[in-house]
Each structure stands twice: as structure tokens, then as C-alpha cells.
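Here the structure comes first, spelled out in C-alpha cells, and everything after it is commentary.
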Amino acid sequence: MTRLTGNALRLTVFVGENDTWHHKPLYSEIVHRAHAAGLAGASVFHGVEGFGASSLIHTSRLLSLSEDLPVAVVIVDTEPRVRAFLPQLDELVTEGLVTLDDCEVIVPKGKKTL
């Protein structure tokens, strides 16, 4: 696993919580592949409301609309390592949105890096 400080690239993948890859959650497959690729870190965030290309609003506030809530998988690493991971997403993500953003990684005071 890579430990980072300084400039990095943030990859965010927006999918639905019901999206699957070979009968398991798509977001889980993305995290496991990022881990296997040795990327510095990945987190999954569960949305409470959102809409995508279908324009159908999904919300946790109404039981009838609480299916397939949005999920964001966020991965941060160096630009070359994130870009090398993108072909795996081409295989996995057939619906959803993938974004890339420049970011800066800051280590909390008192933490040591490798």
C-alpha cells in the first residue's frame, strides 16, 4: 500500500447500492480491486438522496423511493497509479459516473509517513 503526502488524484465512482458484479455489490468489488492494485486508500459513502441519468430521485426519506440509493466510492493515490486503475473501472462500471479531481493529501500533525 502507498502512503501519500502532497499532490494526488481523487477518483470518485458514483453507482447505485443495488448495482452488482457477479452477484456481489459493485462498490465492494471496486474497493477490493483497488486494494489488490495496492492503491493508497478507498472508502465507500452511502448517499441519502440523489438522482442520475434516469432523473428518478432516490431518497431514504420515503420508504417507497428508498431502493437503490446512491453510493460513492472514493479512491486517492498518485495520478499515475489512479490512471493505471481506470481500465478496471471500464470493465466494472456500465452505469454510473466516474470523476477525477486533483487534490492535496495532508498528514495530520504528529503522524509519520513512509
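Please determine, by comparing only the residues of segment 94-114 that are of a type in the set (Val, Ile, Thr) and modelled with pLDDT of 95 or more, which one is surrounded by the fewest Cβ atoms within 10 Å (Cβ to Cβ). Explain how you work it out, then say what you get.
Going through segment 94-114, the residues of a type in the set (Val, Ile, Thr) turn out to be 94, 98-99, 105-107, 113.
Narrowing the set further to residues that are modelled with pLDDT of 95 or more leaves 98-99.
Details: Val98: 15, Thr99: 11.
Per the criteria, the residue is Thr99.
Out of all the residues in segment 75-92, which are open to solvent by 30 Å² or more (accessible area, probe 1.4 Å) and among the aliphatic types (A, V, I, L, M)?
First, pick out the residues of segment 75-92 that are open to solvent by 30 Å² or more (accessible area, probe 1.4 Å): 76, 78-81, 83-84, 86-88, 90-91.
Once the filter is applied, which keeps residues that are open to solvent by 30 Å² or more (accessible area, probe 1.4 Å) and among the aliphatic types (A, V, I, L, M), segment 75-92 yields Val76, Ala84, Leu86.
For every residue, the table says whether it meets (1) more than 12 Å from the chain's Cα centre (by Cα); (2) open to solvent by 30 Å² or more (accessible area, probe 1.4 Å); (3) modelled with pLDDT under 95.
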position	(1), (2), (3)
Met1	yes, yes, yes
Thr5	yes, yes, yes
Leu11	no, no, no
Asn18	yes, yes, yes
Trp21	yes, yes, no
Glu29	no, no, no
Ser43	no, yes, no
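The values are calculated or read from the model by the stated rules, or taken from the named source; none is laboratory data. Remember, predicted model here, so these are calculated numbers, not experimental data. For neighbour counting, all protein chains shown are included, and Cβ atoms are generated from backbone atoms with ideal geometry for every residue, glycine included. Note: areas computed on protein heavy atoms with side chains; ligands, DNA, RNA excluded. Shrake-Rupley method; radii C 1.70, N 1.55, O 1.52, S 1.80 Å.
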